[in-house]
1. If the chain between T26 and R10 were fully stretched, how many nm would it gain, using 0.36 nm times the residue separation less the Cα-Cα distance?
2. In the chain, which chymotrypsin sites (Phe, Trp or Tyr not before Pro) are in a loop and have at most 16 other Cβ atoms within 10 Å, using DSSP for the loop call?
3. For the chain, what does -39500 (n - 2.57) per DSSP helix run (n ≥ 4), summed and divided by total residues, give at 222 nm, in deg cm²/dmol to the nearest 500?
4. How big is Rg to Rh over the chain, alpha-carbon atoms, Rh as the Kirkwood inverse-mean-distance radius?
5. Given R₀ = 22 Å, what would the calculated FRET efficiency be for L18 paired with I54, taking r from the Cβ atoms and rounding to 0.05?
6. Taking the chain as the reference, fit the longest principal axis to its C-alpha atoms, fit the long axis of helix 5-26 to the helix C-alpha atoms, and give the angle between the two in degrees, 0 to 90, nearest 10.
Amino acid sequence: MNEPPGARMRIALSGLTLAEQFRDETGADVLFFIDNIFRFTQAGSEVSALLGRIPSAV
């Protein structure tokens, strides 16, 4: 967990974008797997705390 929270929060969305692009270009089925969802949710909480917002608003 050496990455900043903003990078950890965006990496899942970046992976999802790549999976969607692969699906659209090839027409194949894509399985998107996040191995540790806790890091994603923890990063969202850290970013929302830094911005002074509730986590669902980020």
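Here, each number is a calculation from the coordinates, and none is a lab measurement. The structure displayed is predicted, hence computed values, not measured ones. As a convention, Cβ positions derive from the backbone with ideal geometry for all residues, glycine included, and neighbour counts pool all protein chains shown.
1. Extending this stretch completely gives an extra 3.3 nm.
2. F32, F33
3. -21500 deg cm²/dmol
4. Ratio value, two decimals: 1.08.
5. 0.15
6. Approximately 10 degrees, to the nearest ten.
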